[in-house]
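Asker: Could you have a look at this structure, given as structure tokens, before my questions?
The values are calculated or read from the model by the stated rules, or taken from the named source; none is laboratory data. Here the structure is a predicted model, which is why all the values come from computation and not from measurement. Here the Cβ is made from the backbone with ideal geometry for all residues, glycine too, and neighbour counts use every protein chain on show.
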Amino acid sequence: MEAIADLKTKYQVKTTDELLTIWKTNDRATYRNEVFNVIKEILADRACDLPPQDSFCCKACGTLLEHDATFCGSCGKAVWDGSEKIEEPPVLGNYIPVESKLKGLGGWLVLVIIGLFGTCLIQAYTILTNIKLFGNGTVSFFSDPSSAIYIPGYSWALKFELIGSILLLLLGAYVIYLLFGTKRKFPQYYVTLLIAGAAFAIMDYIITASLTISHEETKKAFQESLSEESRSIWRSVIGALIWGTYMYKSKRVKATFIED
Ligand SMILES: [Zn+2]
């Protein structure tokens, strides 16, 4: 007897109409109980309402049976007679199952892909910029208490931003790997990345805003970068809400990310 997973693969290729017909006709002598359970699961995945099933009577004595009965309570005969036909998979060619239209890295997922590469590029840019500030002496200049533009804590704020960006870039690269491998783990890790990105933007803003800057012109420059950071908070929070919801609701996501 096939394992449940094999059964699922076997019935997954059938169209929704075919599955609905088997479900409604409820021929328990031909199809065993596991088949009905699998069909129920597949139809639920396709967000399809289950119609009521026809009643089923014992083929030997005609007694009306419970849906999950394996033996007739009256004559003791097994309900499933093992006659279920071996179904050949549909011949590919002109025939394309309806469900396959909602599978693969297309549709709204294209925006997700573009967004992911965008996020990684922004993080890589932040990393390079911060490394440059450390390398060209800017950080030591701002960190020198005797300097006119001394900002206490500046090098820590920059280090926080640098480490955060590196972690987000690594997570982003892993999420891209899960995406192109159509891995089952993708939606979960993608949502984690969205939330981490939003949390990082908020923390970065708070840290930058809490720096004490006495030099007037430097203060102005920092206030400009703060207003940019507050825009990036809104972008990442709204993005997390929209795309987080999409990951959990989308039929395409459900049908596409199935690899272990
Ligand atoms: Zn019977």
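Asker: From the list Ile151, Ile166, which one is at negative phi, assigned by TED's automatic domain parsing to the domain that holds Arg235 and at pLDDT 95 or above? Can you show your working first?
Answerer: On the way: Ile151 fails: at pLDDT 95 or above.
Going through Ile151, Ile166 in turn, the sole match is Ile166.
Asker: If we keep just the residues of region 62-101 that are among the basic types (Lys, Arg) and either at pLDDT 80 or above or closer than 18 Å to Val38 by Cα (or both), which is surrounded by the fewest Cβ atoms within 10 Å (Cβ to Cβ)?
Answerer: Once the filter is applied, the top-ranked residue is Lys85.
Asker: For the condition of a type in the set (Asp, Glu), more than 29 Å from the chain's Cα centre (by Cα), in a loop (DSSP other than H, G, I, E, B) and within 13 Å of the ligand (Cβ to nearest atom), what is the one hit in Asp54, Asp27, Asp81, Asp68? Before you say what the answer is, go through the steps one by one.
Answerer: Values: Asp54 fails: within 13 Å of the ligand (Cβ to nearest atom); Asp27 fails: within 13 Å of the ligand (Cβ to nearest atom); Asp68 fails: within 13 Å of the ligand (Cβ to nearest atom).
Only one candidate qualifies: Asp81.
Asker: So, one more: How many residues, within region 1-22, are within 13 Å of Lys40 (Cβ to Cβ) and among the aliphatic types (A, V, I, L, M)?
Answerer: 5
Asker: Looking at the structure I just gave you, is Phe200 of a type in the set (Phe, Trp, Tyr) and within 29 Å of Trp108 (Cβ to Cβ)?
Answerer: Taking the combined requirement at face value, the residue satisfies it.
Asker: Only residues in region 66-83 that are without any contact (Cβ under 8 Å) to a residue 24 or more places away in the chain and among the charged types (D, E, K, R) count as the first member; pair them with residues that are within 12 Å of the ligand (Cβ to nearest atom) and part of a loop (DSSP other than H, G, I, E, B), Cβ under 8 angstrom, at least 6 apart or cross-chain, and list the lot.
Answerer: From residues that are without any contact (Cβ under 8 Å) to a residue 24 or more places away in the chain and among the charged types (D, E, K, R), the pairs are Lys77/Cys58; Lys77/Lys59; Lys77/Ala60; Lys77/Cys61.
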